[in-house]
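**Student:** Below you'll find the structure I mean.
The values are calculated or read from the model by the stated rules, or taken from the named source; none is laboratory data. Small disclaimer: the values here were computed from a predicted structure and weren't measured. Here the Cβ positions follow ideal geometry from the backbone for every residue, glycine too, while neighbour counts run over all protein chains shown.
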Amino acid sequence: MRYIIGCYCFLCLVGCANAPSPKSSEFVKNVEGIDSSGVIIDSVNESRSIDKNNSQMKANAIPECGCYAVGYITDPGIKGVAFFKEVDGEVVHRVTIDVDQEEFLEISVVQSENGWFRVGKVKNPFSEIPNDQALSGLWVDGALLRVYLPDADVKVNLYDQPDKTSRVTHQVNALGNYQLSVIGCCRNWVYAEYRAASGESYRGWLSPEDICSTPISNC
């Protein structure tokens with residue numbers, strides 16, 4: 001009898017030892033919200049918080065408002081200036097200009113979105129654009145869009161907001177660079193980037209009174 005009981009206990013011990021036990025990595029993998037050290041995390045809420053902060057920073061720089069600003073394109077690229085059906089979408093029109101004759105496009109924009117601009121009207125002061133009405137409502141890449149500073153001896157303020165009562169972030173002039181890249185717009189103000197001859201760059205809001213009305217001559 002003692003022999004039988006001993007064998008039974010021995011078999012129980014062997015069975016328990018061979019039973020599969022959950023690995024810690026598999027356990028963590030199956031439990032959402034716990035990292036390998038067992039610390040509870042909330043990656044979804046964390047990423048939402050980061051996205052919210054980034055969106056808030058962008059909103060502070062470019063407020064939501066109507067836009068009726070003007071910018072210029074002087075470099076059409078090899079195939080001409082592309083006009084898109086939607087932001088970063090399909091190219092539906094191209095317009096060429098003769099840069100040797102100092103032609104340029106004057107773009108009236110009505111909306112900005114993530115560095116893209118919705119077109120109100122396109123004009124070439126030197127020649128007629130075929131079917132130019134078809135360009136209205138299309139989008140142009142802001143990487144091509146420029147505004148220009150007045151005479152080199154005039155200092156121009158870049159503001160923190162599209163309002164002359166807001167803080168002046170920098171003062172720039174045309175000595176180092178006479179053109180600014182357009183990033184956004186609000187009413188007839190443009191949010192632009194100025195690159196100095198030293199390589200430094202500054203961003204701020206440019207008042208419409210401080211924007212030259214042509215890219216090919218001094219104001």
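**Student:** Return yes when PRO208 is more than 23 Å from the chain's Cα centre (by Cα), surrounded by 14 or more Cβ atoms within 10 Å (Cβ to Cβ) and farther than 15 Å from ASP153 by Cα and no when it is not. Show your work before the answer.
**Tutor:** Values: more than 23 Å from the chain's Cα centre (by Cα): no; surrounded by 14 or more Cβ atoms within 10 Å (Cβ to Cβ): yes; farther than 15 Å from ASP153 by Cα: yes.
Taking the combined requirement at face value, the residue does not satisfy it.
**Student:** While we're looking at this one, here's another question. Quick test for you: out of VAL156, VAL168, pick the one residue that is in contact with a strand residue (DSSP E or B) (Cβ under 9 Å, 6 or more places away or on another chain), modelled with pLDDT of 95 or more and not small (Gly, Ala, Ser).
**Tutor:** Details: VAL156 fails: modelled with pLDDT of 95 or more.
After ruling out the rest, the residue left standing is VAL168.
**Student:** Still on this structure: Looking at region 103-152, which of its residues are of a type in the set (Ser, Thr, Tyr) and not in a strand (DSSP E or B)? Break it down into steps so the answer makes sense when it comes.
**Tutor:** First pass over region 103-152, keeping only residues of a type in the set (Ser, Thr, Tyr): 108, 112, 127, 136, 148.
SER127, SER136, listed by residue number.
**Student:** Also: Determine the pairs where a residue that is closer than 9 Å to LEU149 by Cα, located within region 162-180, has a partner that is in a loop (DSSP other than H, G, I, E, B) and among the hydrophobic types (A, V, I, L, M, F, W, C) with Cβ atoms under 6 Å apart, the partner being 6 or more residues away or on another chain.
**Tutor:** That search, which allows pairs on different chains as well, returns ASN173/ALA152; ALA174/LEU149; ALA174/ALA152; TYR178/LEU149.
**Student:** Could you list, in sequence order, all residues of region 171-185 that are touching a strand residue (DSSP E or B) at 6+ places or on another chain (Cβ under 7 Å) and in a loop (DSSP other than H, G, I, E, B)?
**Tutor:** The first filter runs over region 171-185 and keeps only residues touching a strand residue (DSSP E or B) at 6+ places or on another chain (Cβ under 7 Å), leaving 171-173, 177-185.
Those that are touching a strand residue (DSSP E or B) at 6+ places or on another chain (Cβ under 7 Å) and in a loop (DSSP other than H, G, I, E, B): ASN173, ASN177, TYR178.
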